[in-house]
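The values are calculated or read from the model by the stated rules, or taken from the named source; none is laboratory data. Owing to the predicted nature of the structure, the values given are computational and were not obtained by experimental measurement. Note that we place each Cβ from the backbone using ideal geometry, even for glycine, and neighbour counts take in every protein chain shown.
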Amino acid sequence: MARKPESGFTLMEVLIAMAITAFVSMIAYSSLSTVMTGVERTRESSDRIYELERAWMIISRDLRQFVDRPVRDEFGEPEPALTGGELSRFTLSFTRTGWHNPGGYPRSNLQRINYRLEDDGLWRDSYPVLDRAADTEPQSALLLEGVEEFQLTFLGVLEQLQIQTGSSALDTTDWVENWVVDTSTPGAQRPPPVALEITLRLEDWGEMRRLYALPPH
């Protein structure tokens, strides 16, 4: 009895099958890579949004708790309850209340806060005492990275408040850029402003602004 010849794939059929497999694998990998890249970008965007919202939340909380309490710096010099701007030692420095004390330590519930820009990062300093000594060190925390500019403008009195023409938005173009004491006048003091505007310029999201009305003082 004659045996039937064994059937198999020709070399051409094997090459075609390998080419189809490689093509399908390439499409699958490309699709998976696109999906993974999209997921990573979404995660990075979500993380950035969280960082931004957290930074604004902390700033808003501090300013809502502002209190008109001047302090003395580590050199024994008086500091107003609030000072800020490019001519100030810190871009924004003020006293706030509401400093929680869960441990029941014998200290005030008032706290001195600084906000400053350093190495493209927005930093928050907090001091353990109001009137500092020469060796008083702040506790510093990095709130936000990728910050190119950190600027403020201040409204002195409500009578200077103006509305933009043809709009319901506030006009802040005439607000002052620095809130500092005139050091040429001995013993000069400056009361806190009634409102301020904070401008952050981010390297990835551009310019962001927030307006804050300070508590009555």
Gly166 passes all but one of the listed conditions (1) on the phi < 0 side of the Ramachandran plot; (2) modelled with pLDDT under 95; (3) not acidic (Asp, Glu); the exception is number (1)
Considering every residue within region 74-96, establish whether at least one is under 22 Å from the mean Cα position of the chain (by Cα), modelled with pLDDT under 95 and crowded, with 20+ Cβ neighbours inside 10 Å. yes
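Residues checked against (1) more than 27 Å from Arg48 (Cβ to Cβ); (2) in contact (Cβ under 8 Å) with a residue 40 or more places away in the chain; (3) in contact with a Leu (Cβ under 7 Å, 6 or more places away or on another chain):
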position: Thr83; (1), (2), (3): yes, yes, no
position: Glu118; (1), (2), (3): no, no, no
position: Pro128; (1), (2), (3): yes, no, no
position: Asp131; (1), (2), (3): yes, yes, no
position: Gln139; (1), (2), (3): no, no, no
Output for Cβ contacts, cut-off 7 Å, separation at least six or different chains, first residue without any contact (Cβ under 8 Å) to a residue 60 or more places away in the chain in region 66-77, second of a type in the set (Lys, Arg) and surrounded by 17 or more Cβ atoms within 10 Å (Cβ to Cβ), reads Asp73/Arg132
**Message:** On the basis of being surrounded by 15 or more Cβ atoms within 10 Å (Cβ to Cβ) and either under 26 Å from Ala55 (Cα atoms) or more than 22 Å from the chain's Cα centre (by Cα) (or both), does Val180 make the cut?
**Reply:** yes
Inside region 131-141, the number of residues satisfying the requirement of being in a strand (DSSP E or B) and in contact with a Lys or Arg (Cβ under 8 Å, 6 or more places away or on another chain) is 2
The correct count of residues that are under 20 Å from Ser93 (Cα atoms), in a loop (DSSP other than H, G, I, E, B), free of Cβ contacts under 8 Å to residues at least 60 places away in the same chain and in contact with a helix residue (DSSP H, G or I) (Cβ under 9 Å, 6 or more places away or on another chain) in region 160-217 is 2
Scanning region 129-172 for residues that are over 23 Å from the mean Cα position of the chain (by Cα), surrounded by 12 or more Cβ atoms within 10 Å (Cβ to Cβ) and among the charged types (D, E, K, R) gives Asp131, Arg132, Asp171
Of the residues in region 142-159, those that are assigned to a strand (DSSP E or B) and among the aliphatic types (A, V, I, L, M) come to Leu142, Leu143, Leu144, Val147, Leu152, Leu155
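Checking the conditions here, which among Arg112, Arg96 is in contact with a helix residue (DSSP H, G or I) (Cβ under 6 Å, 6 or more places away or on another chain) and under 23 Å from Leu200 (Cα atoms)? Let's see the steps before the verdict.
Numbers: Arg112 fails: in contact with a helix residue (DSSP H, G or I) (Cβ under 6 Å, 6 or more places away or on another chain).
Checking each option against the conditions leaves just Arg96.
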